[in-house]
1. How many Å² of accessible area per residue for the chain, probe 1.4 Å?
2. Under a Cβ-only charge scheme (Lys and Arg +1, Asp and Glu -1), can you give me the dipole magnitude of the chain about the Cα centre, in debye to the nearest 20?
3. Full extension from Q64 to N8: what is 0.36 nm times the residue separation minus their Cα-Cα distance, to one decimal in nm?
4. Could you compute how fast the chain diffuses translationally, taking Rh as the Kirkwood radius over C-alpha pairs and applying Stokes-Einstein at 25 °C with viscosity 0.890 mPa s? Give it in µm² per second.
5. For every helix of n ≥ 4 consecutive DSSP H residues, a contribution of -39,500 (n - 2.57) applies; sum these over the chain, divide by its total residues, and give [θ] at 222 nm rounded to the nearest 500 deg cm²/dmol.
6. For the chain, give the percent of accessible area contributed by carbon and sulfur heavy atoms, probe 1.4 Å, rounded to a whole number.
7. At D56 and S96, where each label point lies 7 Å from the Cα along Cα→Cβ, what is the point-to-point distance in nanometres?
8. For Q39, which sequence-distant residues (separation of 5 or more, or a different chain) have an amide H within less than 5 Å of its own amide H, given hydrogens modelled in the peptide plane?
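The values are calculated or read from the model by the stated rules, or taken from the named source; none is laboratory data. Here the structure is a predicted model, which means the values were calculated and not measured. Backbone-built Cβ (ideal geometry, glycine too); neighbour counts: all protein chains shown. With ligands, DNA and RNA removed, areas are computed over all heavy atoms of the protein, side chains included. Shrake-Rupley method; radii C 1.70, N 1.55, O 1.52, S 1.80 Å.
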Amino acid sequence: VDRIKPLNPVAFERLAIDFYNELPGLFSLQLQSGGVVAQAYPVGSIAVGLDIMNLDVYKPVYKQLIEEKKSVISGPTQIQSVSGLGISVRYPVFLSANKSRESFWGIGNVL
């Protein structure tokens with residue numbers, strides 16, 4: 001998928017490990033460039049390359065994230081890979097060259 005633009009993988013992994021050490025109960029930390037999973041921790045918690053933004057069930061949530069530029073908390077929802085329930089916190093990431101022009105980069109997701 002050409003929308004994937006991962007961030008520095010070493011920096012992402014260090015940050016993710018710190019989150020995991022400080023916040024027990026986390027299942028997955030994800031960066032979704034353009035709504036496509038570009039990076040995830042732990043590795044294997046979700047398929048890299050999965051285009052979540054275009055899955056029908058998530059389209060309204062992602063539209064809300066982009067339009068309102070605010071985090072969205074959803075759940076509890078079924079997490080199929082662990083046969084349990086979880087809460088997802090998604091936050092939109094915008095990049096800007098200057099304060100007047102922001103462009104949507106993607107989504108950060110904590111599950």
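1. Value for the chain: 64 Å² per residue.
2. Values: 10 positive and 9 negative charges, 62 e Å.
My answer is approximately 300 debye.
3. Numbers: separation 56, 0.36 × 56 = 20.16 nm, distance 2.73 nm.
Answer, rounded to one decimal: 17.4 nm.
4. Numbers: Rh = 14.5 Å.
Roughly 169 µm²/s, to the nearest whole number.
5. Details: 2 runs with 24 residues, N = 111.
Computed ellipticity for the chain at 222 nm equals -6500 deg cm²/dmol.
6. Values: 4030 of 7120 Å².
Here carbon and sulfur together make up 57 percent of the probe-accessible area.
7. Here the modelled spin labels are 3.7 nm apart.
8. Close amide H contacts, sequence-distant or interchain: L31, S33.
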